[in-house]
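Below is one structure, written out as structure tokens; the observations come after it.
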């Protein structure tokens, strides 16, 4: 079951981001190790806007696509300089309510958006006691509020194959990192399945 969307705060940057995705084809690309056998890169690049998260840099464009338009971050490992050099996004969203952990992102200026606390709280109520992952936060925001013409995801297997990047080296080496126990893959898979069942979200890896 998908709960009713909570009211959004009056935030000009958030509204500008949501206005940009409205009526457009958006794909959210996750960081699963399993994506490197799927060959979805060309389909990902065919979307109007490509969303990535945290340290999930493009390593193999054939599978991941090559472009990044929006970054969702919940890690202090990504400061503004790293985001701009590694991703060159149009928008960056600080996804976690732990704003005291946010690195210096001042250089992003008006392209930095703080994910609404009210929306995170409502999502957390569905995943508790686990915290929602950054990927689920991105999917939920655009599903509930984005008014996208087409919303899809790739590179998600809800922690079954682990995260592909090595945290210390920002995705430049293929070492795997064990998925965090802070998230519940089964709960998140069910949340995504409910969105898919509504007809307003697609899994690009589905045959």
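We did not get these values from a lab; they are worked out from the coordinates using the rules stated. This one's a predicted model, so the numbers in the text were calculated from it and none came from an experiment. We place every Cβ from the backbone using ideal geometry, glycine too, and count neighbours over all the protein chains shown.
Between residue 16 and residue 206, the simple label model (points 7 Å from Cα in the Cβ direction) yields a spacing of 3.5 nm. Label separation (residue 128 vs residue 186): 2.0 nm, computed from points 7 Å beyond Cα along the C-beta direction. Stretching residue 110 away from residue 196 to a fully extended chain increases their span by 27.7 nm, per 0.36 nm per residue minus the current alpha-carbon distance. With a ≥ b ≥ c taken as the square roots of the eigenvalues of the C-alpha gyration tensor of the chain, please select rounded if a/c is under 1.5 and otherwise prolate if a/b is larger than b/c or oblate if it is not? Verdict is rounded for the chain. Where both bridge residues fall in the chain, DSSP classifies roughly 10% of the beta bridges as antiparallel. For 70, 2, 83, the sequence from fewest to most other C-beta atoms within 10 Å is 2, 83, 70. Counting neighbouring beta carbons within 10 Å and listing from fewest to most, the residues 82, 96 come out as 82, 96. In this label model, residue 100 and residue 25 are separated by 4.5 nm, measuring between points 7 Å along each Cα→Cβ vector. Per-residue packing, averaged as other Cβ atoms within 10 Å, sorts the ranges 30-36, 10-16, 52-58 into the order 52-58, 30-36, 10-16, beginning with the highest.
The residue 147 and residue 81 beta-carbon pair, evaluated with R₀ = 45 Å, returns a calculated FRET efficiency of approximately 0.85.
Relative contact order of region 12-203: what whole-number percent is it, with Cα pairs under 8 angstrom and at least 6 residues apart? List each step's numbers first, then the result.
Numbers: 359 pairs, mean separation 52.4, N = 192.
For region 12-203, the relative contact order is 27 percent.
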